[in-house]
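Please treat every number below as a calculation from the coordinates, not as lab data. Everything quoted here is computed from the prediction, not taken from an experiment. Reconstructed Cβ throughout: ideal geometry from the backbone, glycine too, with neighbour counts over all protein chains shown.
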Amino acid sequence: MARIGKVAWRSPSNIALVKYWGKKEVQLPLNPSISMTLTQCYTETAIEYTPRDDLKHPTFNLLFQGEKNVFFENKISSFIDVIAKEFSVLNSLHLDINTTNSFPHSAGIASSASSLSSLALCLLYINNKIMGVNMSEADFLRKASFMARLGSGSACRSVFGSFVLWGETVEIANSSDEYAISLTSQVDEKFNSYYDAILIVSSGEKSISSSQGHKLMDFNPYKDNRANVGKSNAINLINALKNGDEKMFRDIVEFEAANLHAMFLTSNPSFILIKPETLQIINKLKQFRDDTNLEFSFTLDAGPNIHLLYSEDIRHKMLSFIKTELIELCENGKWIDDKIGIGPILIDSQ
Ligand code: DP6
């Protein structure tokens, strides 16, 4: 049967500054999280859709980086089944999904945020097109964020550019545990030029998946404390972003990285994701900051790689330090020169 349409979205990865770690109910966060959306690390997902007669459930073929990928196929399959409960039109379609990441799988960069958000954007777009639903851009993005969250928590933040908040925060109107919102209008211009140098310490597979790690928080003795600390750090980081306060930004961001890894260390079973080179880089950065008084910060995701965050006005000095001192500690000298981004873009619709 002839295909009836095609849609493709590019959606970026994001780096969490206040971390989402631990869940409640259906994919809701223990505490609010805040991220910065990236530019260079993204996923492009294209879907060609064809009508079918058997209306029981959606069917799909998936190519990931041009190849079959069973692990990813299972994840996508449960995601599409969840989405089809609300968008029954998907049950009468066959989807040919082609998804590619801008960054190599071996870069050790989590791809679930960019891939699940690009997929959510495509599925919502298809539903609206076939059903003739007209949504404002704001409603479209909010709904896409809601859907992306059901696939992967951090994916709901990738639907927006700049700085993004996910999680109910009393002080912030319209904030919700169910979807993310943009903080763009509340950010001092100092932060709008932020770069993220992603220093690849190791590209190996993680010893534990994020989903398994989140579950261990249910029994972590520091769970309630982590939730409270995450909550107050989110409020304080929003103030730092508003006021252009880089020192406060740094204090919170670096604490959050340490606290996240402390949760890994105190889980049962415990796990260690940092490597010796991670600590060596952190020590070098601290020394460099003491020597120069330059205002930059670093964070870690659930892995050994370092995200080095800094503004445009010190780029020259940071690049020179990265090249002369840090690259030697990266795996095969690998690092990604990324920066704050504008969020997803629709790249094809037919
Ligand atoms: C450490 O969003 O990957 O990167 O919701 O189970 O898919 P699932 O988990 P995921 O967790 C991300 C955890 C983190 C911190 C963050 O991005 O906030």
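Under 5 Å from the amide H of Gly5 lie the amide H atoms of Tyr49, each residue being 5 or more positions distant or on a separate chain, with H modelled from the backbone and absent for Pro and chain starts. Summary value for segment 103-239: 22 percent relative contact order, contacts being C-alpha pairs under 8 angstrom separated by 6+ residues. Measuring against 26 Å, Cα to Cα, the residue pairs Lys85/Lys129; Lys143/Lys231; Lys242/Lys323; Lys6/Lys143; Lys231/Lys323 contain Lys242/Lys323; Lys231/Lys323 as the ones spanning a longer distance.
Let's see if you can work this out: charge +1 on each Lys and Arg Cβ, -1 on each Asp and Glu Cβ, no other charges. What is the dipole magnitude of the chain about its Cα centre, in debye to the nearest 20?
Numbers: 34 positive and 40 negative charges, 90 e Å.
In debye, rounded to 20, the chain gives about 440.
Amide H contacts under 5 Å for Cys41: Ser13, restricted to partners 5 or more places along the chain or on a different chain, H placed in the peptide plane at 1.01 Å from N.
With a Förster radius of 35 Å applied to the C-beta separation of Asp348 and Ile327, the computed FRET efficiency comes to 0.45. Secondary-structure-derived ellipticity at 222 nm for the chain, considering helices only, amounts to -11500 deg cm²/dmol, per-run term -39500 (n - 2.57) for DSSP H runs with n ≥ 4. Peptides 316-322, 16-22 ranked from most to least packed give 16-22, 316-322, packing being the mean of other C-beta atoms within 10 angstrom over each peptide's residues. Once backbone amide H atoms are built at 1.01 Å from N, Ile306 has Leu199, Val201 as its partners under 5 Å, excluding neighbours fewer than 5 places away on the same chain. Relative contact order of segment 1-128, taken over Cα pairs closer than 8 Å and 6 or more residues apart, is 34 percent. If you take all other residues with their beta carbon under 11 Å from the beta carbon of Asn236, and give Lys and Arg +1 and Asp and Glu -1, the sum is -2. For the pair Lys56 and Ser185 in one chain, pulling the backbone fully straight at 0.36 nm per residue adds 42.1 nm over the alpha carbon distance. When +1 charges are put on Lys and Arg Cβ atoms and -1 charges on Asp and Glu Cβ atoms, the dipole computed for segment 86-166 relative to its Cα centre reaches about 140 debye. Placing unit charges on the Cβ atoms of the charged side chains and taking the dipole of segment 16-169 about its Cα centre, the candidate lying farthest along the positive direction among Asn31, Ser112, Phe160 is Asn31. Applying 0.36 nm per residue to the separation of Asn91 and Ser320 and subtracting their alpha-carbon distance, the gain on full extension is 77.1 nm. If you take the charge dipole of the chain about its Cα centre, with +1 on Lys and Arg Cβ and -1 on Asp and Glu Cβ, which of Ala234, Ile314, Ser211 is farthest toward its positive end? Farthest towards the positive end: Ser211. The phi-based Karplus calculation (6.51 cos²θ - 1.76 cosθ + 1.60; θ = phi - 60°) puts the 3J(HN,Hα) values of segment 281-287 at 5, 4, 4, 5, 5, 5, 5 Hz, whole numbers, x for Gly and Pro. Scan segment 1-100 for GluC sites (Glu not before Pro) in coil per DSSP, keeping those whose Cβ has at most 15 other Cβ atoms within 10 Å, and list them by number. In loop regions of segment 1-100 (DSSP not H, G, I, E or B), the sparsely surrounded GluC sites (Glu not before Pro) are Glu25. Over segment 1-135, one equal point on each Cα, no solvent: what is log10 I(q)/I(0) by the Debye formula at q = 0.09, 0.11, 0.19, 0.21 Å⁻¹? Summing over Cα pairs of segment 1-135 leads to -0.29, -0.44, -1.18, -1.33.
Our compactness index for the chain, the C-alpha radius of gyration over the empirical 2.2 N^0.38 Å, is 0.99. Overall form of segment 203-248: oblate. Here a/c, set by the Cα gyration tensor axes a ≥ b ≥ c, is 1.5 or more, and a/b is not larger than b/c. Could you tell me the calculated FRET efficiency between Asn283 and Glu168, based on Cβ-Cβ distance and R0 = 51 angstrom, to the nearest 0.05? Efficiency at R0 = 51 Å is approximately 0.85.
Rounded, prolate or oblate: pick one for segment 58-165, where a ≥ b ≥ c are the square roots of the eigenvalues of its C-alpha gyration tensor, a/c under 1.5 means rounded, and failing that, prolate if a/b is larger than b/c, else oblate.
The shape class here is oblate.
Modelled spin labels at Tyr222 and Asn243, positioned 7 Å past Cα toward Cβ, are 2.6 nm from each other. Against the chain, whose longest principal axis comes from its Cα atoms, helix 70-86 is set at around 60 degrees. Altogether, the Stokes-Einstein calculation at 4 °C and 1.567 mPa s, with the Kirkwood radius of segment 256-350 over Cα pairs as Rh, returns a diffusion coefficient of 84 µm²/s.
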